[in-house]
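> The structure that follows is given in the form of structure tokens.
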Amino acid sequence: MRQTVLRVALATLVVVGIVVGVLALWKLKVLIALLFLAFIVSAAMRPSVEWLRRRGIPRGVGIVLHYLAVAGLLALLLWPVITALPAFVVALVAGTVLARLPRKA
């Protein structure tokens, strides 16, 4: 009888531990996803940073150059959206954007 109680207690502790672990991972999913993204970005940048280091550019400067290049590329891609945004907001506030949308019957 005592052995059965110990087995049930141990099984209960294992199940509770698994549930607590899964809930903790669920709460930390954004942090874990960002960590994996950081690993992917660093692995993708490593060959070119090493290439720059072999050419005499320090690693820190190479990493900063990569981030500046990515920021510049994003700025170029988002430039049409950013320049059109003020006019869109003015039209939205004036109510002309919503008036042009088709209405469902």
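> Between 83, 43, 19, whose Cα lies farthest towards the positive end of the dipole of the chain when Lys and Arg beta carbons carry +1 and Asp and Glu beta carbons carry -1, centred on the Cα centre?
Of 83, 43, 19, it is 19.
> Relative to the Cα centre, what is the charge dipole magnitude of the chain, using +1 at the beta carbon of each Lys and Arg, -1 at the beta carbon of each Asp and Glu, and rounding to the nearest 20 debye?
Rounded to the nearest 20 debye, it is 220 debye.
> When the dipole is taken about the Cα centre of region 1-57, and only Lys, Arg (+1) and Asp, Glu (-1) are charged at their Cβ, what size is it in debye, to the nearest 20?
Charge dipole of region 1-57: 140 debye, to the nearest 20.
> Next question. For the chain, the longest stretch holding no trypsin sites (Lys or Arg not before Pro) located in a DSSP loop with at most 14 other Cβ atoms within 10 Å is which? Each step should come with its number before you reach the end.
Values: sites that count: 55, 103, 104.
Segment 1-54 is the longest.
> Using 5 Å bins from zero, what percent of all Cα-Cα pairs in region 1-57 falls into each bin?
Bins of 5 Å from zero give 4, 16, 10, 11, 9, 9, 9, 8, 7, 6, 5, 3, 3, 2, 0 percent of pairs.
> Here's a follow-up. Given just the C-alpha atoms of the chain, how large is their convex hull per residue in cubic angstrom?
Values: hull volume 27.6 nm³, N = 105.
Dividing the Cα hull volume of the chain by its residues yields 263 Å³.
> Mind jotting down a quarter of the surface of the convex hull over the alpha carbons of region 60-105, in square nanometres, one decimal?
That works out to 5.0 nm², a quarter of the Cα hull's surface.
> What is the spin-label model distance, in nm, from residue 40 to residue 89 if the labels are put 7 Å beyond Cα along the C-beta direction?
3.1
Any read-out appearing in this document is the output of simple, stated calculations on the displayed coordinates, not a laboratory observation. Note that the coordinates shown come from a computational prediction; the quantities given were computed from them, not determined experimentally. Positions of Cβ are generated from backbone atoms using ideal geometry, with glycine treated the same way; all protein chains shown enter the neighbour counts.
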